[in-house]
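Below is one structure; the comments refer to it alone.
The values are calculated or read from the model by the stated rules, or taken from the named source; none is laboratory data. Every value quoted in this text rests on a predicted model; they were computed, and no experiment measured them. Note: ideal-geometry Cβ built from the backbone for every residue, glycine included; neighbour counts use all protein chains shown.
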Amino acid sequence: MKTCNSSRPDFLRYLLLFLFACFSVACRSNTPAAPASTATHPPTPPIITSPIPISNAEGTPIANQPGFIEWVLLSGVDEHGLTAEHTLALLEDADPQAASLAEIHTGSPVIVLEIRNVSPQGLQRFYHVQTLEGITGWISDYYVRRQAYVFDGEDTTVPLFDRPRGAEIARLENVTPVTLRQPQDLDWWQVSTLDGNLVGWVESRFVKESPEKEFLLGNDDHAHPCENCPYFLP
């Protein structure tokens, strides 16, 4: 007598269901994830706390200047707002007779690496500095400006932003004195008010070396640092 094997259809049905489930899982695992947003904003550099060494004429450290690593402007503008020197020499040593390593345009930001007293009473100092391009050299404190001024000849105030090309956070009156914090490049610089209560980013073209009218109005044909003229290598 013939018997019917009823288990075979059930086996085939379960096998097909298993294969379908495996195929569905494989498809889901191979589906590419949605791409993450690529929009980024230039980060605000942290304020670095590091003392600036002060040395004597022989280069021996004698003290430290505490505080965050200091940025300053190098300037050939005199007390009357006239540009006496359009380019400034970075020297090989803390000596006015030392060889020139490079020349930079007046108004360029530099970071202070060391301050050297070259006279017994400390009346004459040289600064060891580094430019945004990484050029290092020595320059007399005569050309060092720890304080700058914001000015817009087409407005009465200058805007500050939370980051380069970011959101406006405040406006400063023309000729407000500021200290230079950490420039990002030749176009955007971070500044703070002298009391340190307001910090923001400003277009570098609004940061001036002198508050004098002759300089601010450009009557001496002064040119601010630009992409074609910030550095001149010998």
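What pairs can you find where one residue is in segment 157-176 and surrounded by fewer than 17 Cβ atoms within 10 Å (Cβ to Cβ), the other is of a type in the set (D, E, K, R), and their Cβ atoms are less than 6 Å apart, with a gap of 6+ or different chains?
Qualifying pairs under 6 Å: T157/R171; T157/E173; I169/D162.
To keep it simple, each residue is scored yes or no on (1) closer than 30 Å to L217 by Cα; (2) part of a loop (DSSP other than H, G, I, E, B); (3) at pLDDT 90 or above.
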| site | (1), (2), (3) |
| --- | --- |
| R28 | no, no, no |
| A36 | no, yes, no |
| I47 | no, yes, no |
| A57 | no, yes, no |
| D93 | no, yes, yes |
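Yes or no: I135 over 29 Å from L217 (Cα atoms) and among the hydrophobic types (A, V, I, L, M, F, W, C)?
So I135 fits the description; yes.
For segment 115-136, name all the residues that are of a type outside the set (S, T, N, Q) and either in the same structural domain as V178 (by TED's automatic domain parsing) or over 19 Å from the mean Cα position of the chain (by Cα) (or both).
Within segment 115-136, I115, R116, V118, P120, G122, L123, R125, F126, Y127 qualify.
Restricting the search to segment 107-127, which residues are in a strand (DSSP E or B) and closer than 25 Å to P177 by Cβ?
Residues of segment 107-127 that are in a strand (DSSP E or B), as a first pass: 108-117, 125-127.
Of everything in segment 107-127, those that are in a strand (DSSP E or B) and closer than 25 Å to P177 by Cβ turn out to be S108, P109, V110, I111, V112, L113, I115, R125, F126, Y127.
Test P183 against the criterion of being assigned by TED's automatic domain parsing to the domain that holds E154 and modelled with pLDDT under 95, and give yes or no.
yes
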